[in-house]
């Protein structure tokens, strides 16, 4: 499954804030956008949400931007 994520780093807690369409989700991340910490938090959150190992979640496109494509 390929998801488009609109990520917002530096939030108080990591949570889904809404779906823009069937494949695009807005997620707030409780991590800064430095040194890959926000990406790590996104992978951790999605792995927990989908009950998959972290190795099953991969950022395919947009690792350095707020709009990301993630393969689950």
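The values are calculated or read from the model by the stated rules, or taken from the named source; none is laboratory data. Every value quoted in this text rests on a predicted model; they were computed, and no experiment measured them. Note: ideal-geometry Cβ built from the backbone for every residue, glycine included; neighbour counts use all protein chains shown.
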Inset, instruction - Hand me the list of strands (runs of 3 or more DSSP E) wholly inside segment 14-72 holding 3 or more residues that are under 14 Å from residue 2 (Cα atoms) and in contact (Cβ under 8 Å) with a residue 12 or more places away in the chain. - result: 58-61, 67-71
Inset, instruction - Quick one: residue 33 ticks every box in (1) modelled with pLDDT under 95; (2) surrounded by 13 or more Cβ atoms within 10 Å (Cβ to Cβ); (3) more than 18 Å from residue 69 (Cβ to Cβ) except a single one, so which number is it? - result: (3)
